[in-house]
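Below is one structure, written out as structure tokens, with a few remarks after it.
What follows draws every value from the coordinates through simple rules; no lab data is involved. Every value quoted in this text rests on a predicted model; they were computed, and no experiment measured them. Don't worry about glycine lacking a Cβ; one is built from the backbone with ideal geometry, like all the others, and counts go over all protein chains shown.
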Amino acid sequence: MYKFRTILQNYFTQDEIDKISQTKILLIGCGGLGSNIANVLVRTGFSYFILIDYDRVEIKNLNRQIFWQEQYGEKKVLALKKNLLKINSSAQIKIIHKKIDKEDLKQIILKESPDVIIEAVDDEMTKKFIFEITLKYGKKVVCASGIAGYGDCDNIKIRRGRNFVIVGDMKKSIKDYKPLAPKVTAVAAIQADEVLRMVLDDVKEKKIK
Amino acid sequence: MKLNGKEIKNKNIKTLMDIIVLYNYDIKNIAILVNDHVVKKKQWKSYRLSENDEIEIIGFVGGG
């Protein structure tokens, strides 16, 4: 059995590998964005995840979400955990099968102390409270806004601030447009890339100090 | 003051709510930061802005 870490040595320095593999990711939402983000992050070497989702895999999800037909009906958090472990069997993955509210999120942040929080949920109000609460607690957050439709990936923006990033076209809601694999996957990949940037920026800063 | 990175000047802007109204933001799905700090919705009406404030208004649309 190979060690995933040895694969990473082809792509990163030892310091970078250490930082990436020790980063604790809190992923809220394991659907179109979340399953794709996790897939990309685990391949990049991230190996410490807390996955949150209240849904189960539906066949209609297979248009864009990284699940398989035989996983129909399974809790998304569990199905995703199994899929990630197929890529890196030594990843440490906690799962929470729950529709979380503000209070739950505060408790999870305090208990788990994640390094980066990824917002990958459907609902606008949930996006908003994840953004507000994570910043209040001084955590880094990567959000998405505007992932639906097709043919306009050139409108995807990356809005960066202190401790936050928002990725998406900022306009197209699933109320008016359908969530389709190409654009959803593009936004998810950019969210994952921003997580990597945040983590590797920390490595660079430490070196300068 | 700056709104989303751009300098804005308007004597009528005194509170966050003035900006929301003037720039036609939908109050339902936005979050606001002033100088990197979250300002909650219930404070938007009373929050007095000063000249050097940097305001970020982030709108969220559904889909994940």
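What are the residue pairs meeting all of these: first residue in segment A:57-68, first residue within 17 Å of residue A:37 (Cβ to Cβ), second residue assigned to a loop (DSSP other than H, G, I, E, B) and of a type in the set (Gly, Ala, Ser), Cβ atoms under 9 Å, and 6 or more apart or on different chains?
Here the result reads A:57/A:73; A:61/A:31; A:64/A:31; A:65/A:31, each pair linking segment A:57-68 to a residue that is assigned to a loop (DSSP other than H, G, I, E, B) and of a type in the set (Gly, Ala, Ser).
Output the residues belonging to segment A:190-209 that are of a type outside the set (D, E, K, R) and under 15 Å from residue A:23 (Cα atoms).
Answer for segment A:190-209, where residues must be of a type outside the set (D, E, K, R) and under 15 Å from residue A:23 (Cα atoms): A:192, A:195, A:196, A:198, A:199, A:200, A:203.
Looking at A:94, A:86, A:82, A:106, which is the one that is over 13 Å from the mean Cα position of the chain (by Cα), closer than 29 Å to residue A:197 by Cβ and in a strand (DSSP E or B)?
None of the others qualify; the one that does is A:94.
Please determine whether any residue of segment A:181-190 is among the charged types (D, E, K, R), surrounded by 20 or more Cβ atoms within 10 Å (Cβ to Cβ) and within 17 Å of the chain's Cα centre (by Cα).
The answer is yes, given that some residue of segment A:181-190 is among the charged types (D, E, K, R), surrounded by 20 or more Cβ atoms within 10 Å (Cβ to Cβ) and within 17 Å of the chain's Cα centre (by Cα).
Would you be able to say whether some residue in segment B:1-14 is without any contact (Cβ under 8 Å) to a residue 40 or more places away in the chain, in contact with a Ser or Thr (Cβ under 7 Å, 6 or more places away or on another chain) and farther than 30 Å from residue A:181 by Cβ?
The answer is no; no qualifying residue exists.
Under 6 Å by Cβ, and 6 or more places apart or on different chains, what pairs join a residue from segment A:111-139 that is farther than 18 Å from residue A:30 by Cα with one that is among the small types (Gly, Ala, Ser)?
From segment A:111-139, the pairs are A:132/B:31.
Looking only at residues in segment A:117-149 that are more than 10 Å from every other protein chain (Cβ to nearest Cβ) and in contact with a Leu (Cβ under 7 Å, 6 or more places away or on another chain), which one is farthest from residue A:202 (Cα to Cα)?
So the residue we want is A:118.
Kindly check whether there is at least one residue in segment A:28-50 that is under 25 Å from residue A:11 (Cβ atoms) and among the basic types (Lys, Arg).
yes
Being exposed (fewer than 13 other Cβ atoms within 10 Å of the Cβ), touching a Lys or Arg at 6+ places or on another chain (Cβ under 9 Å) and more than 9 Å from every other protein chain (Cβ to nearest Cβ) is the filter here; which residues of segment B:15-47 pass it?
The answer is B:27, and nothing else.
Exactly one of (1) touching a residue at least 40 places away in the same chain (Cβ under 8 Å); (2) over 15 Å from residue A:52 (Cβ atoms); (3) among the acidic types (Asp, Glu) is unmet by residue A:154. Its number?
Exception for residue A:154: condition (1).
Across segment A:28-74, which residue is farthest from the other protein chains (Cβ to nearest Cβ) among those that are among the basic types (Lys, Arg) and under 14 Å from residue A:185 (Cβ atoms)?
Among them, the one singled out is A:43.
Test of understanding: among A:111, A:86, A:98, A:82, which residue is surrounded by fewer than 20 Cβ atoms within 10 Å (Cβ to Cβ), over 29 Å from residue A:62 (Cβ atoms) and not β-branched (Val, Ile, Thr)? Walk me through how you get there before you give the answer.
Details: A:86 fails: over 29 Å from residue A:62 (Cβ atoms); A:98 fails: over 29 Å from residue A:62 (Cβ atoms); A:82 fails: over 29 Å from residue A:62 (Cβ atoms).
One residue alone meets the criteria, A:111.
Read through the list (1) over 12 Å from the mean Cα position of the chain (by Cα); (2) not in a loop (DSSP other than H, G, I, E, B); (3) not polar (S, T, N, Q), then give the number of the only condition that residue A:33 fails.
(1)
When you scan segment B:48-64, how many residues do you find that are closer than 24 Å to residue A:171 by Cβ, in contact with a Ser or Thr (Cβ under 7 Å, 6 or more places away or on another chain) and more than 11 Å from chain A (Cβ to nearest Cβ)?
Total satisfying the criteria: 0.
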